[in-house]
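The structure appears right after this line, and notes come after that.
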Amino acid sequence: MATIAAYTSPAAGHLFPLTGMLLALQRRGHRLRLRTLAGHVATMRELGFDADAIDPRVEAVEITDWQTEKPLDSLARAIDTFVTRGAFDGDDLQALLDDARPDLVITDINSWGAAAVAERSRLPWVAFSPYTPAVRSKGTPPFGPGLRPMAGPLGRARDEIAFRLVNGAMERLLLPQINPMRQRFGVPAITSASEADRRAPLTLVTTAEPFEYPHPDWAPDLVMVGPTNWEPEAAAVDWLDEIDGPIVLVTTSSEYQADVAIVRAALDGLRDEPVTVVATMPAGVRLEGPTPANARVVEFAPHGQLLARSVCAITHGGMGSTQKALGMRVPVVVVPWGRDQLEVAARVEHARAGVRVPRKRLSPERVRDAVRRARTMRAGVEAVAAGFEAAGGPERAATLIESRLPQRPPTLTP
């Protein structure tokens, strides 16, 4: 049995994929020391983890990228958030390592200070990424603007030009901020954006082909294991039995990004359709205007129960919610709002598993038409679901993590 320390950023959308991996490790007899969101500590303890809250100063740093629609401003705000949090999460992880004396450490890709401390510790270190990391890869467009792959010389030329523009802008914002933080924790400066996501000897990415593009140059340090999502056990939703007929699930971000317009457009666009719309708003219900008779808006409801009866899911482009729907063979309509969501939407289109509605073209009519089209895309959805299953999920992730544990000599019996 090994002791494994794990550290997450303050987002349930990051905790839940990690929880799937940790439960698989726990079933194999390992002890888990976890630091995560204060509001989820009790649940994690009920699962049997030795869990504590992350430094409250980490949670207090709110991400404000949603306050601007300019991509570069949004990126700058996100970088500032992760660097500011990093000053606290690095020291927080060090305290955990001092107390737990673990055999291996796992860090969230968005916990930049914790990653630096894990690197400094020289312990076996695994990172996990619940979204596609912004790592340059041959044959794929640069991460960020949501471009779809383009084959041939024209595609290669486009990708090279786009990479210089996108990556150059990212590095001008990233490197001057992340390197002083890394210097503070005593680890080398990075020289590129891709390097930031390749410092860990192993990073587990919770997606898989054909939803994700092929990345032949990711191995051996970046490995796709498919979705590892977990959700809290919940009693059957009492109002679910009151719903007759099919459901359309609408999801918004677990870390606030002012995407309430997605819910409003879905409610208005589907008010006369023969479905019941259930919208979940985990960052808080802030909906204005009436709720149609065929709709229900809640802060939380277990998506698994809802997706089992859903004919379509309308998502903000979060990797977790989008992949969960596709994994349950439910087509999606994606309205990407920011962050990595343009990339998720591009992958949905590429896999022919759903429809993208651009944020600036969002309207009730477009959402209604997109749902109708998405419901016809069964072949793409089935292919994505099969790819997720083949990737191995939490059990493969656990096997890969175990492969990094120190090898101990066998116990000799007299």
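Among 325, 397, 379, 351, which is the only one that is open to solvent by 10 Å² or more (accessible area, probe 1.4 Å), at pLDDT 95 or above, under 19 Å from the mean Cα position of the chain (by Cα) and of a type in the set (A, V, I, L, M)?
351
Return the pairs, sorted by first residue and then second, in which the second residue is among the small types (Gly, Ala, Ser) and open to solvent by less than 10 Å² (accessible area, probe 1.4 Å), the first residue lies in the range 256-270 and is assigned to a helix (DSSP H, G or I), the beta carbons are less than 9 Å apart, and the residues are 6+ apart or on different chains.
Pairs that qualify, where the first residue is assigned to a helix (DSSP H, G or I) and the partner is among the small types (Gly, Ala, Ser) and open to solvent by less than 10 Å² (accessible area, probe 1.4 Å), are 262/279; 263/279; 266/279; 267/279; 269/370.
Tell me, which residue of the range 296-319 that is within 21 Å of residue 379 (Cα to Cα) and in contact (Cβ under 8 Å) with a residue 60 or more places away in the chain is most open to solvent (accessible area, probe 1.4 Å)?
309
For the range 101-112, indicate whether the set of residues that are surrounded by fewer than 21 Cβ atoms within 10 Å (Cβ to Cβ) and closer than 19 Å to residue 181 by Cα is non-empty.
No; the residues of the range 101-112 include none that is surrounded by fewer than 21 Cβ atoms within 10 Å (Cβ to Cβ) and closer than 19 Å to residue 181 by Cα.
When you go through 148, 136 one by one, which is the residue that is in a loop (DSSP other than H, G, I, E, B), over 15 Å from residue 7 (Cβ atoms), touching a His at 6+ places or on another chain (Cβ under 8 Å) and open to solvent by 30 Å² or more (accessible area, probe 1.4 Å)?
148
Take the residues of the range 1-26 that are surrounded by fewer than 24 Cβ atoms within 10 Å (Cβ to Cβ) and among the small types (Gly, Ala, Ser): which is nearest to residue 402 (Cα to Cα)?
2
Would you mind finding the one in 170, 150, 181 that is over 25 Å from residue 21 (Cβ atoms) and free of Cβ contacts under 8 Å to residues at least 40 places away in the same chain?
Step by step, each of 170, 150, 181 is checked, and only 150 is over 25 Å from residue 21 (Cβ atoms) and free of Cβ contacts under 8 Å to residues at least 40 places away in the same chain.
The values are calculated or read from the model by the stated rules, or taken from the named source; none is laboratory data. Source: prediction; values computed, not measured. For neighbour counting, all protein chains shown are included, and Cβ atoms are generated from backbone atoms with ideal geometry for every residue, glycine included. Heavy atoms of the whole protein, side chains included, go into the accessibility calculation; ligands, DNA and RNA do not. Shrake-Rupley method; radii C 1.70, N 1.55, O 1.52, S 1.80 Å.
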